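The values are calculated or read from the model by the stated rules, or taken from the named source; none is laboratory data. Please read these numbers as outputs of a predicted model, since none were measured by experiment. So basically every Cβ, Gly included, is an ideal-geometry build from the backbone, and we count neighbours across all protein chains shown. Just so you know, the surface numbers come from the protein's heavy atoms only, side chains and all, with ligands and any DNA or RNA stripped out. Shrake-Rupley method; radii C 1.70, N 1.55, O 1.52, S 1.80 Å.
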2 protein chains.
Amino acid sequence: MESMTLSADVAPDQDRKGPGRPRSARVDEAIVEAVFDLLSAGQSADAISIEAVAAKAGVGKATIYRRWPNKEALLIDAVTAMKGPLPELQGESVRDDLITLIAAMRNKRMTDYGKVTACLMPELYRNPEMTRVHQAVSEPRRELMRSVLRRGIESGELRADLDIEMMLLCLSGPTIAQNMLRWNPNVPDEHFAEHLVDFVLRGAHA
Amino acid sequence: MESMTLSADVAPDQDRKGPGRPRSARVDEAIVEAVFDLLSAGQSADAISIEAVAAKAGVGKATIYRRWPNKEALLIDAVTAMKGPLPELQGESVRDDLITLIAAMRNKRMTDYGKVTACLMPELYRNPEMTRVHQAVSEPRRELMRSVLRRGIESGELRADLDIEMMLLCLSGPTIAQNMLRWNPNVPDEHFAEHLVDFVLRGAHA
């Protein structure tokens, strides 16, 4: 199965006319990194200004606005970059692909992202823009998980009447609770993805 | 099964010498309500001062310190009060008791609490005091859920090798994700507790 890439390309101008990375791609990266740094340092998305981003990236504001129509679009790319690329799935065992997806939510990058999101979370209530950012960033991953689950229903690995949306929640909810809140310290981090997926697959009934 | 009450009694002086509620219990309540109001209004737990609480409750600081040794103890009682009393369980069907516990996490009180917690969450990373508050407040509810699960293992309703800590996480994680983040809008609020419990009990395997 070919690897999936993010639909929001953080380097829109990719004319590779010479050796090395094109200047525009490096500029885009510097801008996105600047947003990432500001968010990681604890600044709220609300408080981040295009001026501050431009200053940190060492570019002019116009450079930013040429690439992103508004702050929201830039935030989506920055938060997407923080999450890293979509995981590559083997496309065979649904159990294995689910474990890959959950494990990808728990790497260091995501733990940092979890801390940033924890600080961003109050904004999800106050700021509709952040809700849209959050939705836009998480939607590709959710679709990926849905496609794995649909494949499992078709192959018979999962039950035919599986509630896909509830399954998404039952895999992501515990992962988010551990990432952001360390909700249950009695559940070990080691092999968390395998244990969670096997638990949800198996159920609790006798 | 007798109803369980919180171990942290918000009205320590209960000498009922005359009709109506004793003055000290009303004072305690006013103080706790004041903290509740300040938190609900979006003030961070860090920023809340005993002075501000005293002013809002219409009491002197000494009145507060007579009852609570420090701000942390007061926060624990206030957040506990926000959560409301522990739910009453019927003690028969484990499925029904789990549904009662999850549903209790999703009433309006808890949704308000969820919003407050969302705003408090950044503090869980920065402020060890808030982590201790959060742990102290949630521990009685976790113990209640653990006791229900142990009962289910003994009765044979749940499988003998059930991972109790993972089960706690798989019930609470999705509930928290919906409460705080509205993580999956495609999962309806109506009958959420029943659907979640039945899903986790049943598993996803064919």
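Position residue B:46: other-copy label points at 1.6 nm, ordered by increasing distance, label point 7 Å along Cα→C-beta.
For residue A:93, the accessible area of its heavy atoms, probed at 1.4 Å with every protein chain present, is near 40 square angstrom. Couplings 3J(HN,Hα) of region B:22-29, computed from phi: x, 4, 5, 5, 5, 5, 4, 4 Hz, in residue order, whole Hz [Karplus 6.51 cos²θ - 1.76 cosθ + 1.60, θ = phi - 60°; x for Gly and Pro]. With a simple spin-label model that places each label point 7 Å from the Cα along the Cα-to-Cβ direction, the separation between residue A:127 and residue A:154 comes to 4.0 nm. Taken as Cα centroids, region A:143-196 and region B:147-206 sit 12 Å apart, rounded to the nearest whole angstrom. Charges were assigned to the Cβ only: +1 to each Lys and Arg, -1 to each Asp and Glu. The resulting dipole of region A:130-206 about its Cα centre is roughly 240 debye.
Ranked from shortest, the separations from the 7 Å Cα-to-Cβ label point of residue B:186 to its equivalents in the other copies are 3.3 nm.
Counting from the shortest, the label point at residue B:84, 7 Å from Cα toward Cβ, is 4.0 nm from the same position in each remaining copy.
For residue A:158, the amide hydrogen comes within under 5 Å of the amide hydrogens of A:153, B:206, counting only partners 5 or more places away or on other chains and with H modelled in the peptide plane.
Chain B residue nearest by beta-carbon to the axis mapping B to A, with distance in Å: B:203, 1. The phi torsions of region A:161-167, fed into the Karplus equation with coefficients 6.51, -1.76 and 1.60 and a -60° offset, translate into couplings of 9, 4, 7, 4, 5, 5, 4 Hz, rounded to whole numbers, with Gly and Pro shown as x. Checking the table A:71/B:83; B:56/B:83; A:71/B:56; B:61/B:83 against a 28 Å threshold on Cα-Cα, which pairs fail? Long pairs (Cα-Cα over 28 Å): A:71/B:83; A:71/B:56.
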